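What follows is calculated from the coordinates using simple rules that are stated; it is not laboratory data. What you see is a predicted model, and the numbers here were worked out from it, not measured in a lab. Because the Cβ atoms are built from the backbone with ideal geometry, glycine has one as well, and the counts that use them run over all protein chains shown.
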Amino acid sequence: MPRRTRDDRTLDLFDVPQATDVDEPLPGSMDYRAELSALVAKVFKEAPIDRWEIAARMSRLTGRDVTKAMIDAYASEARDLHNLPAYLIPALDIACNSTLLTTWTVGKRGGRALFGREVVEAEIGRLDMIRDEAARRSRELKKALGDSE
């Protein structure tokens, strides 16, 4: 009996992410200020560089002045009027070599973010499914014609 191997191309095909609070959002249920601040603080903590370097990298990436004081405010739950602007999410993820903010944002809408090799593997899985479906359909049509192949 052949040994079964794990399918690493379809990436949890039957594990469908669900959107949160999207169908019937309750008033005030999407105030993510504290959650976003805590996530930004986590990104900073896990970053291999200090906040001064993070601010410098974000400034270079965006072409706008991003100061250490600004990013400190983004990470503070007490400074809830100073959350990270959406346009800085990619710059912060890149500056910190992270995907936490992008993954979090996509997850809030019920999606799943793929990065690097995962993107290629998912595309291979999709193409394999198309190939298998085409082969199945071809066999059905040949059978309908009475072809023995």
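Sort TRP104, TRP52 so the one with the fewest other Cβ atoms within 10 Å of its own Cβ comes first.
TRP52, TRP104
I want to make sure I understand the PRE zone here: with the label point 7 angstrom from the Cα of ARG33 toward its beta carbon, which residues in region 55-91 have backbone N atoms less than 16 Å away?
Under cut-off, by backbone N: 73-86.
Could you go through region 73-87 in sequence order and give the Karplus-derived ³J(HN,Hα) for each residue, using 6.51 cos²θ - 1.76 cosθ + 1.60 with θ = phi - 60°, rounded to whole Hz, and x for Gly and Pro?
For region 73-87, the Karplus curve yields 5, 4, 8, 9, 5, 6, 9, 5, 8, 10, 6, 4, x, 4, 5 Hz.
Which of the lysines could a cross-linker bridge to LYS45, judged by Cα under 21 Å and excluding same-chain residues fewer than eight apart?
LYS68
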